[in-house]
Amino acid sequence: MRRFARQLAAAWILGGLMCAAGCATVGSAPNGTLRIGTVADAPPLAFRQDGRWRGVEVDLGRALAERLDMKAVFVACPPNHLEDALLDGKVDVLMAGLTLSEERRVHMDFSVPYLVVGQGALVRAADLPRFNTPIKIRAVQGQVGVVAGATGDRFVSRYFAQASRVAFLTVAEAVAALRQGEIDMVIHDAPALWWLSLRQTPELAVAPALFAREEVAWGFRRSSVALRESANRALADWQQDGTLEAILRRWIPFSK
């Protein structure tokens, strides 16, 4: 189990290396302020807890601002308003678990990617021997929980030919149904499943497979060449000196 956890965490680390309508309102950025557009409820990447920003992107954002001798200001936006916030100049950079896509590349530039994420399978720990390969997971003939309309929902509809799809409004509801034996697994964003699994009893575990892999990077306006290059240099330096790994381990402890 611990060995698998290390492998999954390693897969997330890339070895290479409400603003407009809905975002929190901010004024013009004072000199020395780095305005970071993010999301408020996507642990372990970015979230608010006890009134404070926490998560992988938050720690990286603070580290980047400190490196640039600036103050980090986090601006919470709904996912569908992140791009508008950046392009309208209301934030300077997006650090919100953004995955690289051709559609997004049309409108913005990206840093080098620093994580690999994808869709994971959360199962009862006792069922891990049944679901220890991607083929076994996709061949499941039982009940598979998804969040309606999410990436995992589309993935199950397309690739889980023998499964009975069960849609929930939230991933927490799906996880509760799994614990109660009402479904056989949950397919959802791997970081979210890992986060939830750590907060459940040991009866639940993330299976050793990662589907629909995507790279995570930071988004910049095309005019922000200097800022983007500074971020790329920071990521390269942090990968070399261990800073990146240390921040990731802070939120993904099983990578130790």
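The values are calculated or read from the model by the stated rules, or taken from the named source; none is laboratory data. Small disclaimer: the values here were computed from a predicted structure and weren't measured. Backbone-built Cβ (ideal geometry, glycine too); neighbour counts: all protein chains shown.
Only one entry of Ala246, Ala234, Ala209 meets the criterion of being over 22 Å from Pro43 (Cα atoms) and either surrounded by 18 or more Cβ atoms within 10 Å (Cβ to Cβ) or out of contact with any Lys or Arg (no Cβ under 8 Å at 6 or more places or on another chain) (or both), and that entry is Ala234.
Can you list residue pairs whose Cβ atoms sit under 6 Å apart, with the first residue in segment 77-106 being outside the structural domain of Arg221 (by TED's automatic domain parsing) and the second being in a helix (DSSP H, G or I)? Count only pairs 6 or more apart in sequence or on different chains. As it stands, the answer is none, since no pair meets every condition given. Annotation: Ala76 fulfils all but one of (1) touching a strand residue (DSSP E or B) at 6+ places or on another chain (Cβ under 7 Å); (2) surrounded by fewer than 19 Cβ atoms within 10 Å (Cβ to Cβ); (3) not hydroxyl-bearing (Ser, Thr, Tyr); the unmet one is (2). Of all residues in segment 139-157, which are in contact with a strand residue (DSSP E or B) (Cβ under 8 Å, 6 or more places away or on another chain) and part of a helix (DSSP H, G or I)? Once the filter is applied, which keeps residues that are in contact with a strand residue (DSSP E or B) (Cβ under 8 Å, 6 or more places away or on another chain) and part of a helix (DSSP H, G or I), segment 139-157 yields Thr151, Gly152, Asp153, Phe155, Val156, Ser157. Test each condition in (1) modelled with pLDDT under 95; (2) outside any strand (DSSP E or B); (3) surrounded by 15 or more Cβ atoms within 10 Å (Cβ to Cβ) for Val116 and report the one that comes out false. With respect to (1) modelled with pLDDT under 95; (2) outside any strand (DSSP E or B); (3) surrounded by 15 or more Cβ atoms within 10 Å (Cβ to Cβ), Val116 is out only on (2).
Looking at the structure I just gave you, is Leu82 under 22 Å from Val117 (Cβ atoms) and either outside any helix (DSSP H, G or I) or within 17 Å of the chain's Cα centre (by Cα) (or both)? Yes; evaluated as a whole, the condition is true for this residue. Taken over segment 151-164, the criterion of being small (Gly, Ala, Ser) and crowded, with 19+ Cβ neighbours inside 10 Å is satisfied by Gly152, Ala163.
Restricting attention to segment 191-215, the residues being in contact with a Leu (Cβ under 6 Å, 6 or more places away or on another chain) and either among the acidic types (Asp, Glu) or assigned by TED's automatic domain parsing to the domain that holds Phe110 (or both) number 1.
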